[in-house]
1. Under the Kirkwood approximation applied to all pairs of distinct alpha-carbon atoms, what is the hydrodynamic radius of region 317-357 in Å?
2. So if I take the alpha carbon set of region 354-501, get Rg, then get Rh from the Kirkwood formula, what is the Rg over Rh ratio?
3. Give me the angle, in degrees from 0 to 90, between the Cα long axis of helix 398-411 and the longest principal axis of the Cα atoms of the chain, rounded to the nearest 10.
4. Pairs to check: LYS267/LYS388; LYS289/LYS427; LYS214/LYS484; LYS199/LYS427; LYS389/LYS427; LYS214/LYS388. Give those whose C-alpha atoms are more than 24 Å from each other in this structure.
5. When the Karplus curve 6.51 cos²θ - 1.76 cosθ + 1.60 is applied with θ = phi - 60°, which whole-Hz ³J(HN,Hα) does each residue of region 45-55 get, with x for Gly and Pro?
6. So what are the ³J(HN,Hα) numbers for region 177-187, from phi and the Karplus equation (6.51, -1.76, 1.60; θ = phi - 60°), rounded to whole Hz, Gly and Pro as x?
7. Using θ = phi - 60° and the Karplus form 6.51 cos²θ - 1.76 cosθ + 1.60, what ³J(HN,Hα) does each residue of region 378-389 get, whole Hz, x for Gly and Pro?
8. Assuming R0 = 56 Å, can you tell me the calculated FRET efficiency for the pair ARG170 and ASN347, based on Cβ-Cβ distance, to the nearest 0.05?
Amino acid sequence: MELRVASLTLRLGTAARPAVLAVPVAPTGPDGASGTDGAGSDAPAAVVSGVPLPAGTGTVLATYLADVEHTGAAGAVDVLPRPGERPQQLIAVGVGDGAEADWRAAGAAVVRAATTRPAVTVAVPDGLTDTQFAGLAEGILLAGYRFSLAADDSGAPALSRVTIAADADRYGPALARAQAVAEATTLARDWVNTPSNHKSPDWLAGRIARAAEKHQVQVRIRDADRLAAEGFGGVLAVGAGSPRPPRLVELRWRPRGAQRHVVLVGKGITYDTGGIDIKPTGAMELMRKDMGGAGAVAAAVVGAAALRLPVRVTALLPLAENTVSGAAYRPGDVVRHYGGITSEIQNTDAEGRIVLADALAYAVRRLAPDVLVDLATLTGAQRVALGKKTAALYATDDELAAALLAAGDAAGEPMWRMPLPADYVEKVHASAVADLTNAPVPGEAGSVMAALFLREFTADHPRWAHLDMSAPAWSSSASGELPKGATGWGVRTLLRYLATQ
């Protein structure tokens, strides 16, 4: 069985005499035995029980592990070159306690350790569970991702093929699931990484439609004329300054018999200059990532269809470019959103909540969702509060919050639940001329204020959640399964959550 994501092929099978062999190792227990049950000691790591190895390799590796004092921690790597031998190189990769996340870290570490070799084989124990195997496969596929538009690709990694030495009949379904997740994440990463001179709202809508239709997901794209006719004033206001007009993409996955209806909304600002309240240059450089929420939501719907998840999912993607011209919306303008609520614009750089407001209002008025979740690269305040890897979660329902937190934890996409404090609500209503103001108190509780603003458009929906994932959408360096650049944050969490519905 052979599957491919981006430039990396992953297959199940055997390699009689592999040139490069990766071997999982774990901390030894108190009795000196290896395992993946979390028991650690000061003794060196040992090969995980049940891993078949070429003759003599086990002894060589045991001696080497003692010399280098490998800890067996998840993702820890030591490489033993063996010139003139076969395998020519042994990679000892730690799997820690053997949890899914540990095997995911191990898969990613193997890919990063073997970038200069064309192929690597990973030995695994016979008793690996489907969950552990899927973690390993996800780590390999996600870490193998790369995006480049360079004419000279001579610096590309040599690694193009990874073989997991395992039974294709036994692990084929788990590999297929990992493949679907990795492919969906790759879609989101590609869309976010694409520079904004290519990525107009129309371009992005077309790419999303192409990916969705391959999996029988229904697509509707509203152009600027249709948005005006139906009253999507927020999307039109934000996109008014650009010669590349906005779009609203609606995706529908409705499998037969599905009862639960989950509506996902994703912020899709294809480039954000800040508008008339223009950003400084340093804050503008990465604004091609400002459609990360829309990319994640769209990719999750495609992934749900590829996995044939038995849940009805609708995605709404308001796409616009926030730029500067004589037609751009201004501080002091009043915008009328879908459904009639008005917003006074106090900061044109708080544009994400303006386009999301239209989509949320449409969702509750027209789609009757059981659950409503939005994702957005919304505020810099999220990074200030929670750092670069943890998203901010706001929710009106404890059960929904718990389910999303659990899904994110399992997927390796952490989040932290934040409050929706009642004493800040009056600030969102502080406009003298409109129902709401989009930036009530500059510099104060920015992520919280944005969430409270968005809640006003949900008609007090009892099961609404908002994920502010601005910083986690982008990684400044490769780490684990995350590449440098777009991470595709949210795709794996949403797929985990949808699988429970």
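1. Evaluated over region 317-357, this radius sits at 10.9 Å.
2. Result: Rg/Rh = 0.97.
3. Its long axis makes an angle of about 40 degrees.
4. Violating the 24 Å Cα-Cα cut-off are LYS289/LYS427; LYS214/LYS484; LYS199/LYS427; LYS389/LYS427; LYS214/LYS388.
5. 5, 9, 4, 4, 4, x, 7, x, 10, x, 3
6. My calculation for region 177-187 gives 5, 4, 4, 4, 5, 5, 5, 5, 5, 4, 4 Hz in order.
7. 8, 9, x, 5, 4, 5, 4, 6, 10, x, 8, 10
8. Efficiency, rounded to the nearest 0.05: 0.50.
Since every read-out is calculated from the coordinates, none of them should be taken as a lab result. Since the structure is predicted, the reported quantities are computational estimates derived from the model, not experimental observations. Quick reminder, even Gly has a Cβ in these numbers, built from the backbone with ideal geometry, and neighbours come from all protein chains shown.
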